[in-house]
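One structure is given here, and the rest of the page talks about it.
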Amino acid sequence: MRSKTRIERDSLGELEVPAEALWGAQTQRAVLNFPVSGLAMPAGFLRALAAIKSAAATANAELGLLDAAMAEAIAAAAGEVIAGQHANQFPVDVFQTGSGTSSNMNMNEVLATLASARLGRPVSANDHINMAQSSNDAVPSAIQIAAAQALREALLPALKLLRKTLGKRAAGLDGVAKTGRTHLMDAMPLTFGQELGTWEAQLGLARERIEQESERLRFLPLSGTAIGTGINADPAFGKRACRALQKLTGIKFRPAENLFVGIAGQDAALALSAQLNGLAAILMKIANDLRWMNSGPLAGLGEVELPALQPGSSIMPGKVNPVIPEAVAMVCAQVMGQHVTISIAAQSGNFQLNVMLPLVAHALLQSIELLSNAMRLLADKAIAGFRVRTDRIEQALARNPILVTALNPLIGYAKGAEIAKRAYVEGRPLLEVAMEVTGGSAEQLAPLLDPLQLTRGGLGSGGVGAGG
């Protein structure tokens, strides 16, 4: 049985559209033209684009270019989309026309249908909903608005949670010394607090860089219309529309000083993506450190025991794997790949228009979403609940020949190397070999080789075998 349709018209002619669809002919052409991925544009992008339509209607009414009743109907229709209604009315694929014109017209047509029904008279998708706009300035503006909202509502709170969780665990484990590692080989000791505190500090610096880039998102190319000259837009439209957007979002948006920039390029999105890529690198380092620390439980490092969340093997009973760090590492790999995508997309346009805008929107917003979710998982399901295996840690520390480094100022590097090698080859405690080589007593040497004391740095004291 054939689905019911209706006839819609655009500048290319007539087209059948599903009878129940809120969209019109231009959206339907895009649905037919781009059956590429099945991926619709991100929900955050669509909400931001609807906010632009609402703000534009408000600004145009204030300027006397749109009657108040129609502006209210458009704003009300946009409000429904912002609230998450009509999500199934935006079927256009991510891989579409590079300016995002198909998605812009999809929004225009849906809002025109809703506003017409509310108003009781026709509202034009092009003449009324799209007044003082072009896809070329509305779509990049929507990308920046959506990214700014996603940072504020998801990524920065998740980053704050992860840092807080790390800070709490670091404070609680500051008195527990463990073997440090460089090149994956035993090195001087540090405390768990210092190790986790390093992760927390790295994330703090990443937050500062992301917040700096988020400020650039507030300057929109909206009102530049087709190429940046502002054709068909009242000179006061940009400021008024941004003022209305601030009321809708709580973010202080402003027209960009140079409206050509945000239309011709995607510099702000690329700069933010670079910082997300940097955050992904930090998170992958943390995830992989946790995997190493959790390795075992018998043949690996076995320093910590992550929460057991699910069986780890379909064939090996009792096996439990570090599933959260693995998931986080995969998220980071995806984000790093998407930074390459955005880098290519940001330079993809000739002259006055970037033509990979939908791809930028998809990749950037997905990276923010993935990182936000991954950080919450890492905080709640891995960092907060891991158990420190102090028995394994103390065994490794007692046999760590690198602790002899603390004696270098007293006995010299060469004699220290001799002690370290003998302790390792003979499988004996370092203190025991050091006593034999230097002639020092346990009372003299033990404090100098105390792992916890060594985590505080500084020079050792005493006169054991000086000179060597």
Condition test on Ala51, is it of a type outside the set (S, T, N, Q) and in contact with a helix residue (DSSP H, G or I) (Cβ under 9 Å, 6 or more places away or on another chain)?
yes
In segment 381-427, what count of residues is obtained for those that are over 45 Å from the mean Cα position of the chain (by Cα), closer than 17 Å to Pro451 by Cα and basic (Lys, Arg)?
0
Is it true that some residue in segment 151-159 is farther than 25 Å from Gln366 by Cα, of a type outside the set (A, V, I, L, M, F, W, C) and surrounded by fewer than 24 Cβ atoms within 10 Å (Cβ to Cβ)?
no
Filter segment 251-281 for residues that are out of contact with any helix residue (DSSP H, G or I) (no Cβ under 8 Å at 6 or more places or on another chain) and touching a residue at least 60 places away in the same chain (Cβ under 8 Å); which is surrounded by the most Cβ atoms within 10 Å (Cβ to Cβ)?
Ala264
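Residues checked against (1) outside the structural domain of Ala329 (by TED's automatic domain parsing); (2) among the small types (Gly, Ala, Ser); (3) assigned to a loop (DSSP other than H, G, I, E, B):
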site	(1), (2), (3)
Ser348	no, yes, yes
Phe351	no, no, yes
Leu371	no, no, no
Pro409	yes, no, no
Ala414	yes, yes, no
Lys421	yes, no, no
Glu432	yes, no, no
What do you reckon, is Val139 surrounded by 24 or more Cβ atoms within 10 Å (Cβ to Cβ) and within 25 Å of Ala233 (Cα to Cα)?
yes
Can you find even one residue in segment 146-163 that is touching a strand residue (DSSP E or B) at 6+ places or on another chain (Cβ under 9 Å), closer than 27 Å to Asn258 by Cβ and not assigned by TED's automatic domain parsing to the domain that holds Asp10?
no
Matching residues, segment 382-395, being surrounded by 17 or more Cβ atoms within 10 Å (Cβ to Cβ) and in a helix (DSSP H, G or I)
Ala382, Ile383, Arg392, Ile393
All-but-one check, Lys160 against (1) under 30 Å from Ile393 (Cα atoms); (2) of a type in the set (D, E, K, R); (3) more than 28 Å from the chain's Cα centre (by Cα), failing number (3)
Scan Ala19, Ala43, Ala48 and give me the residue that is crowded, with 22+ Cβ neighbours inside 10 Å, at pLDDT 95 or above and of a type in the set (A, V, I, L, M, F, W, C).
Ala48
With respect to Val360, is the statement that it is among the hydrophobic types (A, V, I, L, M, F, W, C) and not in a helix (DSSP H, G or I) true?
no
Restricting attention to helices (runs of 4 or more DSSP H) lying wholly within segment 189-301, give those where 2 or more residues are out of contact with any Asp or Glu (no Cβ under 9 Å at 6 or more places or on another chain) and closer than 30 Å to Asn400 by Cα.
192-216, 267-294
Just to be sure I understand, how many residues within segment 224-246 are surrounded by fewer than 18 Cβ atoms within 10 Å (Cβ to Cβ) and under 26 Å from the mean Cα position of the chain (by Cα)?
1
Any residue in segment 320-340 that's under 12 Å from Lys285 (Cα atoms): show its pairings with residues that are among the β-branched types (Val, Ile, Thr) at Cβ separation under 6 Å, as long as the two are six or more apart or on different chains.
none
I'd like to check something: does segment 304-315 contain any residue that is assigned to a helix (DSSP H, G or I) and modelled with pLDDT of 95 or more?
no
Anything in segment 246-267 that is among the aliphatic types (A, V, I, L, M) and touching a strand residue (DSSP E or B) at 6+ places or on another chain (Cβ under 8 Å)? List them, or say none.
Ala256
Report, by residue number, each residue of segment 388-406 that is among the aliphatic types (A, V, I, L, M) and either under 16 Å from Met185 (Cα atoms) or touching a Lys or Arg at 6+ places or on another chain (Cβ under 8 Å) (or both).
Ile393, Ala396, Leu397, Ala398, Ile402, Leu403, Val404
Go through (1) assigned to a helix (DSSP H, G or I); (2) crowded, with 20+ Cβ neighbours inside 10 Å for Glu72 and report which single condition fails.
(2)
Please state which one of Arg6, Arg47 is part of a strand (DSSP E or B) and not hydroxyl-bearing (Ser, Thr, Tyr).
Arg6
Residues located in segment 7-26, provided they are in contact with a strand residue (DSSP E or B) (Cβ under 8 Å, 6 or more places away or on another chain), closer than 15 Å to His86 by Cβ and in contact (Cβ under 8 Å) with a residue 40 or more places away in the chain:
Trp23, Gly24
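The values are calculated or read from the model by the stated rules, or taken from the named source; none is laboratory data. Note that the structure is a prediction, hence the values are computed from the model and not measured. Reconstructed Cβ throughout: ideal geometry from the backbone, glycine too, with neighbour counts over all protein chains shown.
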